[in-house]
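The block underneath contains the structure these notes are about, expressed in structure tokens.
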Amino acid sequence: MDSSTNSLDDASADSSAEFPDRASMMEVRLQAQEDEITLLKSSLADALRKIRLHDQLLPLLKQQLIAVNPSAARVLNQACCSDGCTSSRKLSTSSAIDGVRHPATSQLSESTVTNANGHIGSPVSVEPRPRPVTLDRSTQTEPTILGQDTGQERIPAPKRAQSLQLEDALPPGQPMVEATRAKLHRVPGLEEEDEEQEEYEEGRSEQEKEMSWTSSVEEPIQPTTITGLQREDFQDGTCSPEDPSSASPLVRTSEQNLSPRSGPLSTIQEGEKQTLVRRNSEKLGNPERQRKRLDKKAASSANLLTRSPSLENRAKELVSNAGSPGSRRGTYSQGQSIKMFIRGRPITMYIPSNIQNYEDLKMEPPSERLELDWVYGYRGRDCRANLYFLPTGEAVYFTACVVVLYHINKRTQRHYRKHTDCVRCLTIHPDKVRVASGQTAGVEKDKPLQPCVHIWDSTTLVTLQQIGLGTFQRGIGSVAFSSADSGAFLCVIDDTNEHMLSVWDCNKGTKHAEVKSTNEAVFAVDFNPSDSTNIITCGKSHVYFWTLTAGQFMKKQGIFGKYKKPKFIQCFVFSLTGDVLTGDSEGNILTWGKSAADIKTLGKGAKETFQIMRQTRAHEGSVFTLCNLQGGALLSGGGKDRKIIRWSADLAPERECEIPENFGAVRTIADVDGEELLVGTTRNAILRGTFSDGFVAIVQGHLDEMWGLATHPSVNTFLTCGHDRQVCLWNTEEHKLDWCITLEEYGLCADFCPVGSVVSVGLSTGRWVVLDLLTREVVSEFTDGNEQLSVMRYSPDGSVLAVGSHDNFIYIYNVTESGRRYTRFGKCNGHSSFITHLDWSKDGKYIMSNSGDYEILYWDIAAGCKLLRNRFESKDREWASYTCVLGFHVMGVWLEGSDGTDINALCRSHGETMVAVADDFCKIHLFQYPCPKPKAPSHRYEGHGSHVTNVCFTHSDSHLLSIGGKDTCILQWKVMGVGGGGSREGPASVSSTSTSSPEPATS
């Protein structure tokens, strides 16, 4: 009976749990339907507005025609009178649908508007709102009005162009079949782009629409398509031109092309007479023909809502994604293009000509794999007691999610990589083999990663025990092994507000005891080396002495008495006599001892206390670390004075030295052999040396978030820059820092000149500098705008430099004298948000760029930084590099449910076989190239503890570099397999310099 009741309760609980999910799903679907209704209403309103504007078009065109050529007024009046019903005529706005030809208002002169590609353009439609004075959006120059230099009268530039009848391009008397006309009306390239713009504008507020203007051009007539077309003959006799002999073809040469963005009317020379041909003029005596034409017009108006197939597909997209409210991305195929949505913004990508059947493409993970080769950096800026020396000759420390075992003599690394987020603390077992490391809590795609402590073997890199999974919150602050019982227990302090103190059985992985320690920060914890029931913790304004008895803790607070209470107790150690020595923020070493109960003062029943027995002045500023040496000697490391002092057993100073200022203060000290020391510093460096010989850096890293990364075009070096204002040049073969300089502002992007002698670095203020790699001096310096620069990119031959800025512009410079002289050539103006990525074509004439609002634009730099309106023409263009995160060839790197900020950077290999992706979830993905289909499989690699900001392949594709954000870590990956120059061993195999613990995940 009880079991049946429990099962019913479980079923009821399951159904009640499902109810919110169903309700939320219905809510999302209802919202999607409301959005679709709003979309249709907007489309209907737009259609009505276009009809109203076209009603006003005819008189405006007449006025412009008369203003330009007064002699044409008489001819225009004759053409209007011959029809008899000119006032009732309306210009059709859907000629591609209803199949009826427009009146001859498109034939305003013997030459008509054409676009930049030599295609026939469109007549003009002017909206009521005036266009604000602004720079021309397609080039870097001021807008040019035709006739400005020829003395002709200026004609206002239109805001929106209407499709010109295709028959206007044909000589008179040549028929054109309906099938051919339909084919011409469906020219890929601009039609989808126009629909994309309309869809995007539907979501904009009315205020934005009032403050801005958009330009849209219908699809052009391709020159290869026009060949062989003929004008449709008038066999039925109802549509005959008034004067066929006077009509001339309206085709312009390529030298007379106008910008497709502006599309102004071509001027008509004064005195020239042009007979206007009125096509499609019907006889009033054919009512049946007129009735059919009106029916077609009615159907054409109704079809305005379904003119773009993207409306229907977008509706399907909304409904199909209603069940997954977290999804922000969708794709669907539309013949020659693929459309992807990111945050509701449609992004059209055109399928290259060499892909015959997009649906048959098969996506597979790349044959190459990555193996962690080297880790640059050390986390000393905000962690304590995180550097130890093993009997194997290896220094153990951590940065990001990796615990590094660095052999200081052989200069090789091994890596423990089982942690899923940043490692925060570290300790060594008394057997000098086992290691315990604690991590912080993390998040992976809205999935929480619970903090825990890993106990692992430093010889085999095998995890022996996972402590506290699901118990700790936020993270692990400090860990320590017991010594008196050969390391049977592990003490842990977590990062919750109460800073829970817990003791765990190392062999069983079970919790032995737990207690709330304090609401103040706790910096260190350790067992008494002679008694595992005694534990000491220290931190902000406190030292606590804990006694563990029968699973219960008893706490006693250290009494400062007559001594000044410091703000922080930074560290402590046990002396050979059993006393506790603490280092504090006042620069003192305090000796604590146990005193008998003061019955006279505290009364009967008073207990023993821990008080300060002695105060020793040690450093100017804080004492950050204390380290015991063999024989009872003591080492102390200072903060402000950067000194390391050796003390005798009775705390008499014996020797001291000062570490260089550029390495920061002393964070922790590890004894190597009693004479040689390892020193971790607050500026993320590890030093090796002695008191007599001084110290040199064996590990160095950045101090703050990094974004700039560039690899040398011919040698194995790379450059990084970040918010710490440092620019560092690293050697991938020797795994060391070649040089480092500090700038006035922090760098965000960089690129090597192809000649390899200089490197350009973009800064946060709009300034950028060119550095000589040998002398490290600034050879050129420029400023573009007052906002941060996001990308620097040289053309393949190094003759041009493109600078992408957060002011929405791309600045173009001519480069001479081997990258030492720069001259402004122009700027690309057209993006509506900040520039994020850009790439050059292999011929160095074109640029592809991405912006913060998920826009893909193409630029003709050789033609004067001209925006290529017809993106379809760039589908087969080959790119020298591929770092743009949006594009057909890399569309598959976007995971389901991604928004536009989930991918920070990507880089295609020089061999064009793979692409590496840096995401916002601490992961690096390796895809095959190209990967144009959604949900493409990849190899996934972990190691960073923060968002991965950039990735880049070396010049030979032998290695991949990745840099982290807040983890300030640089990871060097060796490419294994075909095309990577390495063997086909698995990613967990041992190389000559590095061993890593985990296998990569394949998604």
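The values are calculated or read from the model by the stated rules, or taken from the named source; none is laboratory data. Worth saying up front: this structure is predicted, and the values here are computed from it rather than measured. Counting neighbours? That spans all protein chains shown, and the Cβs are built from the backbone with ideal geometry, glycine included. Only protein heavy atoms, including side chains, enter the accessible area calculation; ligands, DNA and RNA are left aside. Shrake-Rupley method; radii C 1.70, N 1.55, O 1.52, S 1.80 Å.
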- For segment 520-640, which semi-axes, largest first and in whole Å, follow from the square roots of 5 times the eigenvalues of its Cα gyration tensor? 24, 17, 14
- Message: Using protein chains only and a probe of 1.4 angstrom, how many square angstrom of His735 are accessible, to the nearest 10?
- Response: 30
- Task: Can you send over the carbon and sulfur percentage of the accessible area for segment 627-735, probe radius 1.4 Å, protein chains only?
- Result: 41
- Query: Using θ = phi - 60° and the Karplus form 6.51 cos²θ - 1.76 cosθ + 1.60, what ³J(HN,Hα) does each residue of segment 908-922 get, whole Hz, x for Gly and Pro?
  - Reply: 8, 5, 5, x, 6, 10, 8, 9, 9, 10, 10, 10, 8, 10, 6
- Query: Do any of Lys564/Lys640; Lys339/Lys845; Lys555/Lys640; Lys565/Lys640 go past 23 Å between their Cα atoms, and which?
  - Reply: Lys339/Lys845; Lys555/Lys640
- Distance in Å, no decimals, from the C-alpha centre of segment 810-833 to the one of segment 711-733 is 23
- The ratio Rg/Rh over the Cα atoms of segment 354-463, Rh being the Kirkwood inverse mean 1/r radius, stands at 1.15
- Task: Could you order peptides 698-710, 797-809 by the average number of other Cβ atoms within 10 Å of their residues, highest first?
- Result: 698-710, 797-809
- Message: Based on C-alpha coordinates, I'd like the Rg and Dmax of segment 852-964, in Å.
- Response: 14.7, 45
- Distance histogram for segment 556-595 (every C-alpha pair counted, 5 angstrom bins, percent rounded to whole numbers): 6, 22, 33, 27, 12, 1
- Item | Of all accessible heavy-atom area on segment 893-944, the percent that carbon and sulfur account for (1.4 Å) | 51
- Which whole-Hz ³J(HN,Hα) couplings does segment 735-745 yield from phi under the Karplus relation 6.51 cos²θ - 1.76 cosθ + 1.60, θ = phi - 60°, glycine and proline marked x? 6, 8, 8, 6, 7, 8, 10, 10, 9, 6, 10
- Looking at the P(r) of segment 795-918, how many percent of alpha-carbon pairs lie beyond 26 Å? 19
- Message: Rg over Rh of segment 701-802, using C-alpha atoms and the Kirkwood radius, what does it come to?
- Response: 0.94
- Task: Could you rank Glu781, Glu36 by how accessible they are, 1.4 Å probe, largest area first?
- Result: Glu781, Glu36
- Note on the structure: When every protein chain stays in place and a 1.4 Å probe is rolled, Cys952, Cys865 sorted by accessible area with the largest first are Cys952, Cys865
- Message: Just the number please: accessible area per residue for segment 786-838, 1.4 Å probe, all protein chains included, in Å².
- Response: 37
